[in-house]
Amino acid sequence: MDKNLIQRTISGIAYVAIIILCTTPIGAQLINTISPGLIKQQYLYHGLISLLLVVGSWECIKIMKFGKGYEKWVVFPLVIFIFYIFSKRYFNHDFFFDFRLSEILALALIGIAVVTLFKYPNELYYDSGKLIFTVIYVALPFSFALGLPKFSSYDNTFSLEVLFLFVLIWSSDTFAYLVGKFFGKHKMAPKISPKKTWEGYAGGVVLTLVLSYFIEHYQPELRGNWMIVGFLVAAFAPLGDLVESQLKRNFGVKDSGNIIPGHGGVLDRLDSFIICVPVVYLYFILEKFI
């Protein structure tokens, strides 16, 4: 058997296992069987997102090849400061999904960063542009991710919005790949991601909607309507891949890193997550007004 395939399989299983342990009550339950009361699930999830944030920021710095100016050294203080603000809200249960102007502006900045990457890439060749893009592209999505789950220290519960967001992203990627492989003829963005096709995209949307129907039916306690969430994920997950592919293409980089053997770096694995989190978060805001 191909050693690379074995490596990819083992690291892939480990990656999925870590996501499940940190986004469901299972992780804390397993740890607490060894030492009762040692940790609560919300701390495991916060630790996971913190790790992904730090590694993702470092990978973005390497991809964009900062110069010798001060900007490179300002990235982490800004990223940590933004994440700290959201972390305070996370532990204080302060994500009410009300219409806050600051949140809407932050979400809009993510959209502006994406447009800049595709339409005005020359702006990212300056260290100041690299600094702003890194902070927006990495810090804001992972910070907003803290607002997706609900938890209670009183009855020790932790909701599964993030787990099923990952499940829908994985299904979208898998279905789009399979449909595109067997039926794909029309390239979506041949210069950025040659293997993506419109047939694969359509297949990913349809089959992810089928899966989201079962999530909505069997997990009614989740926030929002998961048929809508499924459609948003299937529609925007491919954009996440295109954004990261364009970023690497602009700076002549193949992979963002190698922290996940055979799969690349955090940004390679979570490119869809980075784009889908703000979209789903915005939906949860708008859903309260519908």
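The values are calculated or read from the model by the stated rules, or taken from the named source; none is laboratory data. From a predicted model like this one, the values you see are computed outputs, not experimental measurements. Glycine gets a Cβ as well: all are built from the backbone with ideal geometry, and neighbour counts include every protein chain shown. Heads up: the accessible areas ignore ligands, DNA and RNA and are worked out on the full protein's heavy atoms, side chains in. Shrake-Rupley method; radii C 1.70, N 1.55, O 1.52, S 1.80 Å.
In the stretch 173-290, which helices (runs of 4 or more DSSP H) lie fully inside it and hold 3 or more residues that are among the β-branched types (Val, Ile, Thr) and modelled with pLDDT under 95?
198-218
So, in the stretch 177-190, of the ones that are without any contact (Cβ under 8 Å) to a residue 12 or more places away in the chain and not hydrophobic (A, V, I, L, M, F, W, C), which residue ends up most open to solvent (accessible area, probe 1.4 Å)?
Result: LYS187.
Find the residue count for the stretch 232-246, including only residues that are farther than 18 Å from LEU160 by Cα, touching a Leu at 6+ places or on another chain (Cβ under 6 Å) and hydrophobic (A, V, I, L, M, F, W, C).
Within the stretch 232-246, residues that are farther than 18 Å from LEU160 by Cα, touching a Leu at 6+ places or on another chain (Cβ under 6 Å) and hydrophobic (A, V, I, L, M, F, W, C) number 0.
Out of the residues in the stretch 17-32 that are over 15 Å from ASN156 (Cα atoms) and free of Cβ contacts under 8 Å to residues at least 40 places away in the same chain, which is least open to solvent (accessible area, probe 1.4 Å)? Outline the logic, then answer.
Just the residues of the stretch 17-32 that are over 15 Å from ASN156 (Cα atoms), to begin with: 17-21.
When the remaining residues are screened for being free of Cβ contacts under 8 Å to residues at least 40 places away in the same chain, the result is 17-18, 21.
Details: ALA17: 42, ILE18: 89, LEU21: 63 Å².
Among them, the one singled out is ALA17.
Which of the residues spanning the stretch 158-172 are of a type outside the set (Phe, Trp, Tyr), open to solvent by less than 30 Å² (accessible area, probe 1.4 Å) and either touching a residue at least 60 places away in the same chain (Cβ under 8 Å) or not in a helix (DSSP H, G or I) (or both)?
From the stretch 158-172, those of a type outside the set (Phe, Trp, Tyr) are 159-163, 165, 167-169, 171-172; that's our starting set.
Remaining after also requiring open to solvent by less than 30 Å² (accessible area, probe 1.4 Å): 159, 161-163, 165, 168-169, 171-172.
Matches in the stretch 158-172: SER159, GLU161, VAL162, LEU163, LEU165, LEU168, ILE169, SER172.
Residue-wise test of (1) within 17 Å of the chain's Cα centre (by Cα); (2) open to solvent by less than 60 Å² (accessible area, probe 1.4 Å); (3) under 22 Å from VAL115 (Cα atoms).
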{"site": "LEU207", "(1), (2), (3)": "no, no, no"}
{"site": "SER212", "(1), (2), (3)": "no, yes, no"}
{"site": "GLY224", "(1), (2), (3)": "no, yes, no"}
{"site": "LEU242", "(1), (2), (3)": "yes, yes, yes"}
{"site": "ASN250", "(1), (2), (3)": "no, yes, yes"}
{"site": "LEU270", "(1), (2), (3)": "yes, yes, yes"}
{"site": "ILE275", "(1), (2), (3)": "yes, yes, yes"}
{"site": "ILE290", "(1), (2), (3)": "no, no, no"}
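Please specify each residue of the stretch 146-157 satisfying the condition of being within 17 Å of TRP226 (Cβ to Cβ) and either among the aliphatic types (A, V, I, L, M) or open to solvent by 70 Å² or more (accessible area, probe 1.4 Å) (or both).
If the condition is that a residue be within 17 Å of TRP226 (Cβ to Cβ) and either among the aliphatic types (A, V, I, L, M) or open to solvent by 70 Å² or more (accessible area, probe 1.4 Å) (or both), then LEU148, LYS150 are the ones that fit.
Report, ordered by the first and then the second residue, all pairs with beta carbons closer than 8 Å, sequence separation of six or more or different chains, a first member in the stretch 266-285 that is without any contact (Cβ under 8 Å) to a residue 60 or more places away in the chain, and a second member that is open to solvent by less than 10 Å² (accessible area, probe 1.4 Å) and not in a helix (DSSP H, G or I).
ASP268/SER256
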